[in-house]
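Below: one structure, written as structure tokens.
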Amino acid sequence: MSENQWRPVPIGLGAEKWATRRECKTVLVVVHTVTSGQRVLEAARLLENDLRVQVVFTQAPDVFGDGVADLLTSIGAAQVPWEQARQTRFDLAMAASLHGLHEIHAPLIVMPHGAGHNKLVVRRAGRAVGGRAAYDLDSQRLVHDGALVPTSIVLAHSEDLGHLGRSCPEAVPAAVVCGDPCYDTLVASLACRSSYQVALGAGDGRKLVVVTSTWGTKSLLGRNAELWPRLLTELPKDEFHVVTLLHPNVWYGHGTWQVRTWLADLLRRGLSLVPPEADWRAVLAAADWVIGDHGSVTAYAAVTGVPVLLGNFASRDCQPGSAQSLLSEVAPRVSKRGSLRRQLLQAAADFDGERYRAVIERLSSEPGRFNHNMRQLIYRRLRLRVPATVPVTLPAVPPYLATERRHRV
């Protein structure tokens, strides 16, 4: 839908003439990237079965916006052009990124799009030590023209309140600790581990090694790309199956054709590649080992109860005390010397789940309660009675590989 093709229904002047359900509260879901879209959908699904609410979606401008239109089309979303969205009043808006949200006319709920607010960014000016603050908890993003942009700021952990208080104290009254939807889904998915392994091609008794990389020059793919050919060379194919999980910003920043082209020889040698639209939580739940970096997915891997190794880690980019930083203190590093098979087996032999307890506890201070807490917040902002049903956390959608033509609905 182009910016010139405004949506006439279910919003806009005269929309009631064409609408099947009238007098609905209208919620706008703002999607900047595939990553933020996947996260904010966890909140939007809490409005299921409520005939009092109409949900529409818009794509906000973002440098990593490729793939958003396909995501929204795949779920059958009612899409509103950004220009129309910013000139329309809504009963509520929800997003998992802050860019451009000062233009939206609605009470606004903003949630994190990763494992808490873990990424450090340079501030132009402010209170943070060293001029750095947690991304999306800093005043330069939360405040526009002297006014706080979000009505409610969703936090995964109560400790994030301290970071928010130091970087943007005027935002603390808007903060609500709800927990983490990905943490809850991952816990619910662990019982499906064997079926996920079959879906990823490792249901034949081989051990599954999941290699995950965030985006950027300091990521595993950016700094240690030679790890992939090493894994395929050194790990016996009858014992191990290697699956790669890349941040959507890698796919949509460089193009899906380019990603497959970079990995073409490795794919021919047996590497499996998970597409960006697949449910990454199912991939983690299937793993026997996870190798990653400072990205959120690697931190979430601690929940699975399997060894997590670091192939690269940009410690200076992580908030001290975050789940990522805590993971870097206990997870073994992949050495460029010595057999990778021996390193994996040694990590399994030395694995002690208690060492990862602090990492897991830092991901959410409301484990298992995101759906309940977030739904309470949404309905409070909508000024509607909360439905009497109990929102259940379901396991992740079974994963699939990039070679398979499937679409998640």
Ranked from highest to lowest mean number of other Cβ atoms within 10 Å per residue, what is the order of the peptides 193-201, 390-398, 16-24, 206-214? 206-214, 193-201, 390-398, 16-24
What number, in percent, do you get for the relative contact order of the chain if the mean sequence gap of Cα pairs under 8 Å and at least 6 apart is divided by its residue count? 17 percent
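On full extension of the chain, what length is gained from residue 159 through residue 20, given 0.36 nm per residue of separation minus the C-alpha to C-alpha distance? Don't skip to the end; give the middle numbers.
Values: separation 139, 0.36 × 139 = 50.04 nm, distance 4.50 nm.
That works out to 45.5 nm of additional length.
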Roughly what would the spin-label model give for residue 385 and residue 140, points 7 Å off Cα along C-beta, in nm? 4.8 nm
Specify whether the C-alpha gyration tensor of region 337-409 places it in the rounded, prolate or oblate class, a ≥ b ≥ c being the square roots of the eigenvalues: rounded for a/c under 1.5, otherwise prolate if a/b is larger than b/c and oblate if not. oblate
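Tell me the carbon and sulfur percent of the accessible area for region 1-84, rounded to whole percent, probe radius 1.4 Å. Please list the in-between numbers first.
Numbers: 2120 of 4260 Å².
On region 1-84, the fraction of accessible area on carbon and sulfur atoms equals 50 percent.
Taking the mean number of other Cβ atoms within 10 Å as a proxy for protection, how do you rank 25-34, 356-365 from highest to lowest? Write down the numbers at each step before the final one.
Values: 25-34: 24.3, 356-365: 20.9.
Per-residue Cβ counts within 10 Å, averaged per peptide and sorted highest first, yield 25-34, 356-365.
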With the charge dipole of region 313-409 built from beta-carbon charges (+1 for Lys and Arg, -1 for Asp and Glu) about the Cα centre, the Cα from 345, 335, 390 projecting farthest to the positive end belongs to 390
Beta carbons within 10 angstrom, averaged per residue: use that to sort the peptides 278-290, 338-350, highest first. 278-290, 338-350
Computed FRET efficiency, Cβ-Cβ of residue 337 and residue 268, R0 25 Å: what is it to the nearest 0.05? 0.35
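Does region 257-409 come out rounded, prolate or oblate, given a ≥ b ≥ c as the square roots of the eigenvalues of its C-alpha gyration tensor, rounded meaning a/c under 1.5 and, failing that, prolate meaning a/b above b/c? Walk me through the intermediate numbers first.
Working: a/c = 2.25, a/b = 1.37, b/c = 1.64.
Because a/c hits 1.5 or more and a/b fails to exceed b/c, region 257-409 counts as oblate.
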Given a 1.4 Å probe, how much area per residue of the chain is accessible, in Å²? 45 Å²
Let a ≥ b ≥ c be the square roots of the eigenvalues of the Cα gyration tensor of the chain; is it rounded (a/c under 1.5), or, if not, prolate (a/b larger than b/c) or oblate? prolate
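The values are calculated or read from the model by the stated rules, or taken from the named source; none is laboratory data. Computed from a predicted model, the values in this text were never measured in an experiment. Note that each Cβ is placed from the backbone with ideal geometry, even for glycine, and that neighbours are counted across all protein chains shown. Heads up: the accessible areas ignore ligands, DNA and RNA and are worked out on the full protein's heavy atoms, side chains in. Shrake-Rupley method; radii C 1.70, N 1.55, O 1.52, S 1.80 Å.
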